[in-house]
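Asker: Take a look at this one; I'll ask things after.
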Amino acid sequence: MIRGMFRGPVSNGQLSNGQLSNGQLSSGQLRSLAPRAYRLIDALLQPHPQLDGLYDSIEEAIRDATGWLEGLGPEAATASIGLEVSTGSGGWRTIRLPELLLCPLPTAALSLAEGLISPIDQTD
């Protein structure tokens, strides 16, 4: 027998793979299968005061945060936002530390985008 391949009872009718001997999943496995929720946090690692909803995906949370930031104007340059995910035990785990979500484009890029300077011609 190869060590680590045994799937026999461990204790209390639970198999070494986490499944109960009656074929049901353990409470730990059920918690890990629960859908995750995401929330935005502020620079103090607290739930964000304006963006305090729960989100079904990282993309949804980031989309909401960037939309909110775009409405702030110049203040967006100093707004730090992070992201947490719910854990199976009911807590929260930080998956993105608070930092700037929107970064200003360099002045040359802005000028180019506005058509104030012409792009460099590339010849073969």
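No lab work stands behind these numbers, since they all come straight from the coordinates. These numbers were taken from a predicted model, which means no experiment stands behind them.
Asker: Could you give the length gained by full extension between Leu54 and Arg36, i.e. 0.36 nm per residue of separation minus their alpha carbon distance, to one decimal place?
Answerer: 5.5 nm
Asker: Sticking with this one: Check His48: other-chain or 5+ apart residues with amide H under 5 Å from its amide H, H built from backbone geometry?
Answerer: Residues meeting the amide H criterion: Leu40, Ile41, Asp42.
Asker: Step through the residues of segment 65-80 one at a time and calculate ³J(HN,Hα) from phi using the Karplus curve (6.51 cos²θ - 1.76 cosθ + 1.60, θ = phi - 60°), rounding each to whole Hz and writing x for Gly and Pro.
Answerer: With the stated coefficients, segment 65-80 comes to 5, 5, x, 5, 5, 4, x, 7, x, x, 5, 4, 5, 10, 8, 9 Hz.
Asker: Right, another one. Tell me which residues come under 5 Å, amide H to amide H, from Ser80 once H is placed; ignore anything under 5 positions away on its chain.
Answerer: Those lying under 5 Å, H to H, from Ser80 are Ala43.
Asker: Between Trp92 and residues 5 or more places away or on another chain, which pairs have amide H atoms under 5 Å apart, with H built 1.01 Å from N, and which residues are they?
Answerer: Thr87
Asker: Normalised by the number of residues in segment 36-103, what is the relative contact order in percent for Cα pairs under 8 Å and 6+ residues apart?
Answerer: 36 percent
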